[in-house]
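Notes to accompany the following structure.
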Amino acid sequence: MFFRLKASGPRSYLQIVESRREGARVQQHVIATIGRADELAANGGLAALLASGARFCEQVLLLSALDDDQRAPHLGLRRIGAPLTFGRLWDELGCQAVLETLLAGRGFGFAVERAVFTTVLHRLMVSGSDRACEKWMADYDIPGTDDLNLHHFYRAMAWLGEELDAVDGGQQHATPFAPRCVKDQIEEALFERRRDLFSELSIVFMDTTSLSFTGEGGETLGERGYSKDHRPDLMQMILCLVMDAEGRPVCTEMWPGNTADVSVLLPVVDRLRHRFGIGRVCVVADRGMISEATISGLEERGLEYVLGARERSDNLVRDVVLADERAFTPLLVTRAAGQETQLFAKEVLIAGRRYIVCRNEAEAEKDRTDRQAIVAALEQQLQRGDKSLIGNSAYRRYLRRVRARQGDSADAARPAPAFEIDAGRLADEARFDGIFVLRTNSRISPLLAMLRYRDLLAVEQLFRQAKSALRTRPIFHSSDAAIRGHVFCSFLALVLRKELDARCRATGPQPEWDDVRRDLERLQRATIEQDGKTWELRTEATGTAAGIFKALRIALPPRVRPLGQSPPAQTPDTLPKRRGRPRRSATRP
């Protein structure tokens, strides 16, 4: 039944109407005509009628009580978008099952798996320290977290980074830099869950970064070294991320902050082959991990590699490989945003070594524009004085010292400049615009080698997510185990985010991450207590949230529902009828 306005001449009358099915048609029948709409609105008759009827409908009675200060109910509000979304992915990827299996027989006395999931969710949405996570979770409806306190998060982080005994495989597959920990078991179990007959870890991408500490940084991890955070004053650790050919995070390695990149590639590859049962593998890594000893070790192991070469500092590459005059093979690549990029590649064989010279036209134009901007700024600065230029590395590379010439009559009041722009250096730098050189022993084509190396940029993008969007820092923990667990939660957050991106791309355009977080935050659930009864109200899923729930097949809770009441049972008469051919029963005798 519903209200309807019925026009009659210049007036409108309010009616109560009921729709009834009569045969193949639906007829509307007037139950009652209440009166003229203008008179009911003027004398308050309609409001009185609705208030009287609200006594017999608890939902309407509850909403009407919100406007009554004397009968105002107790109202609680929590966010449900992120727990619903990432809780579904956490379960479907097997994270909950893996953690509960490893926790079997351990008497922690609290829900360790829930503490880990809450930390991962916090890392996805706002990030920060574990202390901040404890306060943050009060605004979110995360099942099973009501009894969690700060010390529970500390203990959960320490468990993730806990070293395994030799009996449990602690010495097996350990590297000279890192012991085998609980987090390694989780990585292996998660990889095994998504492994099938057609998936193999034949291509791995790896890159490293540094993470600085607020404090000493544990017993062994905190050391001073080359800081990619540009914080040489802080203790740091080295984090290595390994991804597969689809860009999915596979595992992490964590070492002391003074570990050199060139010393870790071979130990990581050896450990990967044992941990994940890798046979044939092609290693793709940046130039910072290359040394002659590393390349010799890969070849001794019979492994393929695509490694970045140092085109500026390697004399062979700079003077011989880049001087090769053979033609490039072009390739037009369309980016995700729809922009087209022109790429070129060619093969150069020298002394049994295979090099791939690559050129990116978009990067070449960027390098050229950046250099022109630096030169223009240099010319202006030289007119004001050249002393301040020496401390600027971007300027210094294009300068040379001016030699005093005999016979010059310099003005004593205005000394001649000591530096000038080096035209030869500018011409030499132009040779490297958009150029990068690869060294490989793989039999793949030059263009495919170039594309594989470009995929390594996805690893760097994930690192930027981990250090900015997910903000692994600040790290206040003082033990190696807790530090490893804290950083590992960022890895799990990346796993969930990558899976969400893949699910969204399969059903439509991939949304921007900032939009995802904002729209998920808007989905909230209010709990209202009135006269001994409790009700739940939910806001509408707007923006990207609606598409995410559709991609993940998540059924949202009702907009309004009473708590403590089971939903109506479905009988054979009320069950939805299945259309089409009946599905074959899966029951076996």
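The values are calculated or read from the model by the stated rules, or taken from the named source; none is laboratory data. Fair warning: this is a prediction, and the values are worked out from it, not measured in the lab. Positions of Cβ are backbone-derived with ideal geometry, glycine not excepted, and every protein chain shown enters the neighbour counts. Note: accessible area is taken over every heavy atom of the protein model, side chains too, but ligands, DNA and RNA are not part of it. Shrake-Rupley method; radii C 1.70, N 1.55, O 1.52, S 1.80 Å.
Just a few scattered comments:
- Scope the range 274-294; condition among the aliphatic types (A, V, I, L, M) and under 21 Å from Ala245 (Cα atoms); matching residues: Ile278, Val281, Val283, Val284, Ala285, Met289, Ile290
- Each residue in the range 69-128 was checked for being assigned to a helix (DSSP H, G or I) and either within 24 Å of Leu500 (Cα to Cα) or without any contact (Cβ under 8 Å) to a residue 60 or more places away in the chain (or both), and 35 of them qualify.
- Conditions (1) without any contact (Cβ under 8 Å) to a residue 40 or more places away in the chain; (2) part of a helix (DSSP H, G or I): number failed by Pro267: (1)
- For the range 303-327, a residue qualifies if it is more than 36 Å from the chain's Cα centre (by Cα) and either of a type in the set (Phe, Trp, Tyr) or open to solvent by 70 Å² or more (accessible area, probe 1.4 Å) (or both), and the qualifying residues are Asn315, Asp319, Glu325, Arg326, Ala327.
- Filter result (aliphatic (A, V, I, L, M) and modelled with pLDDT of 85 or more) within the range 542-566: Ala545, Ala546, Ile548, Ala551, Leu552, Ile554, Ala555, Leu556
- Residue check for Gly109: at positive phi and modelled with pLDDT under 80: no
- Total residues in the range 6-18, condition open to solvent by less than 60 Å² (accessible area, probe 1.4 Å) and polar (S, T, N, Q): 2
- Criterion (open to solvent by 90 Å² or more (accessible area, probe 1.4 Å) and modelled with pLDDT of 90 or more) met by exactly one of Thr101, Thr85: Thr101
- Set side by side, the residues Leu496, Leu492 differ, and just one is in contact with a Leu (Cβ under 6 Å, 6 or more places away or on another chain) and of a type outside the set (Val, Ile, Thr), which is Leu496.
- Restricted to the range 130-146, and to residues there that are open to solvent by less than 10 Å² (accessible area, probe 1.4 Å) and assigned to a helix (DSSP H, G or I), the residue that is modelled with the lowest pLDDT is Asp130.
- Here Ile528 meets the list (1) at pLDDT below 90; (2) crowded, with 19+ Cβ neighbours inside 10 Å; (3) more than 21 Å from Ile142 (Cβ to Cβ) almost entirely, failing just condition (3).
- Those residues of the range 199-228 which are modelled with pLDDT of 80 or more and of a type in the set (S, T, N, Q), in sequence order: Thr208, Thr209, Ser210, Ser212, Thr220, Ser227
The rows are residues; the columns are (1) within 18 Å of Gly94 (Cβ to Cβ); (2) crowded, with 22+ Cβ neighbours inside 10 Å; (3) not polar (S, T, N, Q).
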| residue | (1), (2), (3) |
| --- | --- |
| Ala111 | yes, no, yes |
| Val120 | yes, yes, yes |
| Gly128 | no, no, yes |
| Tyr154 | no, no, yes |
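Each row is one residue, and each column tells you yes or no for (1) more than 27 Å from the chain's Cα centre (by Cα); (2) surrounded by 21 or more Cβ atoms within 10 Å (Cβ to Cβ); (3) among the charged types (D, E, K, R).
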site	(1), (2), (3)
Lys228	no, no, yes
Trp255	no, yes, no
Glu292	yes, no, yes
Ser296	yes, no, no
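- Residue match in the range 286-293 (condition: farther than 30 Å from Asp480 by Cβ and in contact with a Phe, Trp or Tyr (Cβ under 7 Å, 6 or more places away or on another chain)): no
- Near pairs, Cβ below 8 angstrom, 6+ apart or cross-chain, from the range 423-434 (in a helix (DSSP H, G or I)) to any residue that is of a type in the set (Lys, Arg): Arg425/Arg397; Arg425/Arg400; Leu426/Arg371; Glu429/Arg371; Glu429/Arg397; Ala430/Arg368; Ala430/Arg371
- Residue, farthest from Ala555 (Cα to Cα), within the range 514-525, restricted to residues that are free of Cβ contacts under 8 Å to residues at least 60 places away in the same chain and surrounded by fewer than 16 Cβ atoms within 10 Å (Cβ to Cβ): Asp514
- Any hit, the range 182-200, residues being over 24 Å from the mean Cα position of the chain (by Cα) and β-branched (Val, Ile, Thr): no
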